[in-house]
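*Asks:* Please find one structure pasted underneath; my questions will follow.
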Amino acid sequence: MAAAATQSHTEREAMLEKEGKYLTFALAHEEYGLEILKVREIIGYMQITAVPQTPSHIKGVINLRGQVIPVVDLRTKFGMETAEVTEQTCIIVVEITQSGRKFNTGIVVDRVQEVLDIAGNDIEEAPQFGPSVNTDFILGMGKVAQSVKILLDIDRVLSSDSLQDFMRDPEAAPTAKTGVDGKSKDLDEREQS
């Protein structure tokens, strides 16, 4: 009994640590939130340069004031239907950390909504759906009025992407790709094949 009370107290402390400001956005009819400290800027949808041999959820790269930034389509990443780009479609530039390195990545969303201050008491752990469903990328479930916002751990959402390949050598970002055998190939190597 004491162990269960200690575990419940520890879980509540963890939720209180997650309290703070979240940028909320929509994908289809679902609402999500990102820790505001991870958000670098919000830009209108712009031309994205496709990069060959990348997963379908990696839209490509953009040139943002001289910095090449990979862009991920969260709809595709989450297995949703693609949608037409509208005047509300935008790219949220987030700072993520992978392998101890920080870098910027753009995520395409249907529309940005607002910044909410969510109290720790209004954040619950992600529900467990069994071993076949991974919810590690969910920071928590934010209860706001009568709705629920899915609070994302953007580092974990994007950690399984091939974004690390883009960022190993930022100058070679658009050309460092994976061949059909799963091994990294440079553009020069592919041209010689």
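*Asks:* Only residues that are assigned to a strand (DSSP E or B) and either at pLDDT below 95 or loosely packed, with under 12 Cβ neighbours inside 10 Å (or both): list them for the range 1-26, please.
*Replies:* Across the range 1-26, the qualifying residue is only G20.
*Asks:* I would also like to ask the following. So, in the range 74-111, how many residues would count as being surrounded by 16 or more Cβ atoms within 10 Å (Cβ to Cβ), in contact (Cβ under 8 Å) with a residue 60 or more places away in the chain and closer than 22 Å to S147 by Cα?
*Replies:* Going through the range 74-111 one residue at a time, the tally reaches 3.
*Asks:* Turning to a different aspect of this structure: Only residues that are at negative phi and surrounded by fewer than 18 Cβ atoms within 10 Å (Cβ to Cβ): list them for the range 58-67, please.
*Replies:* N63, L64, Q67
*Asks:* If the requirement is being at pLDDT 50 or above, within 23 Å of Y22 (Cβ to Cβ), under 15 Å from the mean Cα position of the chain (by Cα) and among the polar types (S, T, N, Q), which of these qualifies: S147, S160?
*Replies:* S160 is the lone residue from the list that is at pLDDT 50 or above, within 23 Å of Y22 (Cβ to Cβ), under 15 Å from the mean Cα position of the chain (by Cα) and among the polar types (S, T, N, Q).
*Asks:* Using beta carbons and a limit of 8 Å, which pairs, at least six apart or on different chains, have the first residue in the range 34-51 and assigned to a strand (DSSP E or B) and the second one of a type in the set (K, R)?
*Replies:* Taking only residues 6 or more apart or on different chains, the pairs are E35/K21.
*Asks:* Something else about it: Any residue that is at negative phi, buried (at least 19 other Cβ atoms within 10 Å of the Cβ) and either outside any strand (DSSP E or B) or in contact with a Gly (Cβ under 7 Å, 6 or more places away or on another chain) (or both) - is there at least one of those in the range 124-138?
*Replies:* There is no residue in the range 124-138 that is at negative phi, buried (at least 19 other Cβ atoms within 10 Å of the Cβ) and either outside any strand (DSSP E or B) or in contact with a Gly (Cβ under 7 Å, 6 or more places away or on another chain) (or both).
*Asks:* Can you spot a residue in the range 94-102 that is assigned to a helix (DSSP H, G or I) and hydroxyl-bearing (S, T, Y)?
*Replies:* There is no residue in the range 94-102 that is assigned to a helix (DSSP H, G or I) and hydroxyl-bearing (S, T, Y).
*Asks:* Testing V71 on (1) free of Cβ contacts under 8 Å to residues at least 60 places away in the same chain; (2) under 20 Å from M141 (Cβ atoms), one condition comes back false. Which one is that?
*Replies:* Status for V71: all satisfied but (2).
*Asks:* Take the residues in the range 27-52 that are out of contact with any strand residue (DSSP E or B) (no Cβ under 7 Å at 6 or more places or on another chain) and of a type in the set (A, V, I, L, M); name whichever of them is modelled with the highest pLDDT.
*Replies:* L37
*Asks:* Could you go through the range 130-141 and let me know if any residue there is within 15 Å of the chain's Cα centre (by Cα) and in contact (Cβ under 8 Å) with a residue 60 or more places away in the chain.
*Replies:* The answer is yes; a qualifying residue exists.
*Asks:* For the range 84-116, what are the residues that are under 15 Å from I58 (Cα atoms) and at pLDDT below 90?
*Replies:* Residues satisfying the conditions do not exist here.
The values are calculated or read from the model by the stated rules, or taken from the named source; none is laboratory data. This one's a predicted model, so the numbers in the text were calculated from it and none came from an experiment. Please note: Cβ atoms are built from the backbone with ideal geometry, for glycine as well, and neighbour counts cover all protein chains shown.
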